[in-house]
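Presented below is the structure to which this report refers.
The values are calculated or read from the model by the stated rules, or taken from the named source; none is laboratory data. Source: prediction; values computed, not measured. Cβ coordinates were reconstructed from backbone atoms using ideal geometry, including for glycine residues, and neighbour counts include every protein chain displayed. When the accessible area is computed, the model is the full protein with side chains, heavy atoms only, and any ligands, DNA or RNA have been set aside. Shrake-Rupley method; radii C 1.70, N 1.55, O 1.52, S 1.80 Å.
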Amino acid sequence: MLFCVLFSSFHSNRVNNVEKPSPQPHIIFIMVDDQGFRDVGYHGSEIKTPTLDRLAAAGVKLENYYVQPLCSPSRSQLMTGRYQIHTGLQHSIIRPTQPNCLPLENITLPQKLKNAGYSTHMVGKWHLGFYKRGCMPTQRGFDTFFGSLLGSGDYYSHYKCDSPGMCGYDLHEGEEAAWEQDHGIYSTIMYTQKAINILASHNPKRPIFLYLAYQAVHSPLQVPARYLERYKSIPNLHRRKYAAMVSCLDEAVRNLTLALKQYGYYDNMVMVYSSDNGGQPMAGGSNWPLRGSKGTYWEGGIRAVGFVHSPLLVKKGTRSRALIHITDWYPTLVMLGEGTLDENQNLDGYDVWEAISEGRPSPRLDILHNIDPVYTKAKNGSWKAGYGIWNTAIQAALRVGDWKLLTGVPGYGDWIPPQTFSKLLLANRWHNERVNWDRGKSIWLFNITADPYERVDLSRRYPHVVKKMLFRLLRYNKTAVPCRYPPKDYRSNPQYNGGVWGPWYTNDDEDEDDNLLSYDLEQMKKRKKSIDFYILWY
């Protein structure tokens, strides 16, 4: 009898502990790759995205939301809540052959949520470095990881060639190659099924952070044939394949949402949807009517598709014009998850939940888009052009209130309508708005609120605004850490690692880190021309 009483008491306590719902919301963060600003139905696209349209319409559309122009920078800022200049990742992307990764001294978003009691899971694209075990997702706060370490690869075979003779397999379960879990399934479908399996096996009474970072819709342009059937009317093959990939992605988000409802997560859930950068027109994407593309600091490269969907929102079905940056997710989600923020973290992000949920003003007043000391210098840039305050040869971009300032070489700056009606890749008719008067310039000023398409440069009309913003750039630059961009390490070749992209450093190599990561700027400049074209396609 005593045994029965003890068992009954233990069982009762266990039920109370396990079954009592957590007040902490489940956090589902969906990151998509290279989706252009126009490439969603509610922005007027010819691409059909009924799921994304419905979720955004019932949530909050973020229409003044910014990310970075390339993959690794956006992901690093999501994971740390800090600008690139404060992590040393201000130049380009992390390439697979570099002994480089998200600096280990940064406490990541999943680490913070894990400390708050969350189960943390990542599915999809990492692209934050992997040269040693300590850089891997499961060493940076995720309980589980299933996905790719590189920036792109084949959607079916999961192979990637970085250069001739540097090819390998890139699908991982935890810290090992996922040979046994690989059935040649298209990655968008495979990742969704993996995410659903995680939801099915987790107890919804306990908070979960699921980071689902799709490979889609990054090149190569691959998609199951059944999705292409919907876009026979688009003669441009790149745009047709891209549209089909977006439709497949939309269906994947639908299936994930159904699973969230089926397994009991939905009513206490916050879902964030975000693209990592602007679209690449040469690979089918469209940022129209915004200027520029992926890899540039024009609005087309950094203004992203984004929305929040959640039953917990106070004001649903709204369109937010609050200024929000990808670094803001770190403090916002940590505070939503009842975690703690340390004063010495020096975050660049703000808690913007009240701005999103209740429509209050954003606490963010400015955004440092970046200062890149390595990128190709503007030939006509000078200290004189920057009023003796700033060398305008340096690539930099800053937003303060309504104003946006660019210096150096911002990147390809045309306005490119969707490539829907032409069979040619880059028909001349698309370039009837090519900018010729920009040649020789090294500084621009726009009122983004009044002129979101960056058609009217105001730098000569408002020199006092330019000077104030240059001083702001100067102050930011004084807080920058050295750029981390080490040279290629041939030990990274997958042929030395069983044909798999993965960590190649050993314990004996750890002491080399300081020398490799503080890479001489002159060496970088010599390698620049071969890198610039590559990163837009990576």
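Got a number for residues in segment 108-154 being surrounded by fewer than 20 Cβ atoms within 10 Å (Cβ to Cβ), aliphatic (A, V, I, L, M) and either more than 27 Å from residue 205 (Cβ to Cβ) or within 17 Å of the chain's Cα centre (by Cα) (or both)? The qualifying residues number 0. Restricting attention to segment 465-483, the residues being out of contact with any Phe, Trp or Tyr (no Cβ under 7 Å at 6 or more places or on another chain) and surrounded by 20 or more Cβ atoms within 10 Å (Cβ to Cβ) number 2. Within segment 284-302, the presence of at least one residue that is among the charged types (D, E, K, R) and in contact with a helix residue (DSSP H, G or I) (Cβ under 6 Å, 6 or more places away or on another chain) is confirmed. For segment 208-225, check the following and say yes or no: at least one residue is of a type outside the set (D, E, K, R) and assigned to a helix (DSSP H, G or I). Within segment 208-225 (the criterion being of a type outside the set (D, E, K, R) and assigned to a helix (DSSP H, G or I)), the answer is yes, since at least one residue qualifies. Among the residues making up segment 181-219, a single one is within 15 Å of residue 248 (Cα to Cα), in contact with a Gly (Cβ under 7 Å, 6 or more places away or on another chain) and open to solvent by 10 Å² or more (accessible area, probe 1.4 Å): 215. Scanning segment 464-490 for residues that are part of a helix (DSSP H, G or I), hydrophobic (A, V, I, L, M, F, W, C) and under 30 Å from the mean Cα position of the chain (by Cα) turns up 466, 469, 470, 471, 473, 474.
Of the strands (runs of 3 or more DSSP E) lying entirely inside segment 261-335, those containing at least 3 residues that are open to solvent by 10 Å² or more (accessible area, probe 1.4 Å) and farther than 24 Å from residue 394 by Cβ span 318-320. Does segment 491-503 hold any residues that are in a helix (DSSP H, G or I), open to solvent by 20 Å² or more (accessible area, probe 1.4 Å) and touching a residue at least 24 places away in the same chain (Cβ under 8 Å), and which are they? Passing the criteria: only 495. Scanning segment 343-362 for residues that are in a loop (DSSP other than H, G, I, E, B) and either open to solvent by 60 Å² or more (accessible area, probe 1.4 Å) or among the small types (Gly, Ala, Ser) (or both) yields 346, 349, 350, 351, 359, 360, 361, 362.
Taking the conditions exactly as written (touching a helix residue (DSSP H, G or I) at 6+ places or on another chain (Cβ under 8 Å), closer than 23 Å to residue 24 by Cα, at pLDDT 95 or above and charged (D, E, K, R)), does residue 360 satisfy them or not? For residue 360, the condition - touching a helix residue (DSSP H, G or I) at 6+ places or on another chain (Cβ under 8 Å), closer than 23 Å to residue 24 by Cα, at pLDDT 95 or above and charged (D, E, K, R) - is met. One residue stands out among those in segment 369-388 that are farther than 26 Å from residue 449 by Cα and of a type in the set (Val, Ile, Thr): the one that is most open to solvent (accessible area, probe 1.4 Å), which is 376. Across segment 164-175, the qualifying residues are those that are under 24 Å from the mean Cα position of the chain (by Cα) and open to solvent by 30 Å² or more (accessible area, probe 1.4 Å), and the one among them that is nearest to residue 488 (Cα to Cα) is 175.
Restricting attention to segment 221-263, the residues that are closer than 20 Å to residue 199 by Cβ and among the hydroxyl-bearing types (Ser, Thr, Tyr) total 2.
Selection of segment 49-90 for residues being over 17 Å from residue 303 (Cβ atoms), surrounded by fewer than 24 Cβ atoms within 10 Å (Cβ to Cβ) and either at pLDDT below 95 or out of contact with any Gly (no Cβ under 9 Å at 6 or more places or on another chain) (or both) yields 51, 54, 55, 85, 86, 87, 88.
Of the residues screened, residue 530 is one that is of a type in the set (S, T, N, Q) and either at pLDDT below 55 or in contact with a Lys or Arg (Cβ under 6 Å, 6 or more places away or on another chain) (or both). Among the residues making up segment 35-48, those that are open to solvent by less than 10 Å² (accessible area, probe 1.4 Å) and not hydrophobic (A, V, I, L, M, F, W, C) are 35, 36, 39. If the condition is being modelled with pLDDT under 55 and among the aliphatic types (A, V, I, L, M), then segment 1-46 contributes 1, 2, 5, 6, 15, 18. Among residues of segment 363-373 being part of a loop (DSSP other than H, G, I, E, B) and not charged (D, E, K, R), the one that is nearest to residue 88 (Cα to Cα) is 373.
The requirement of being in contact with an Asp or Glu (Cβ under 7 Å, 6 or more places away or on another chain) and either aromatic (Phe, Trp, Tyr) or part of a helix (DSSP H, G or I) (or both) is fulfilled nowhere in segment 173-196; no residue meets it.
On inspection, residue 522 qualifies as more than 24 Å from the chain's Cα centre (by Cα), farther than 27 Å from residue 148 by Cα, modelled with pLDDT under 70 and in a helix (DSSP H, G or I).
Please tell me if residue 216 is outside the structural domain of residue 403 (by the TED database) and within 26 Å of residue 66 (Cβ to Cβ). Spelling it out, residue 216 is indeed outside the structural domain of residue 403 (by the TED database) and within 26 Å of residue 66 (Cβ to Cβ).
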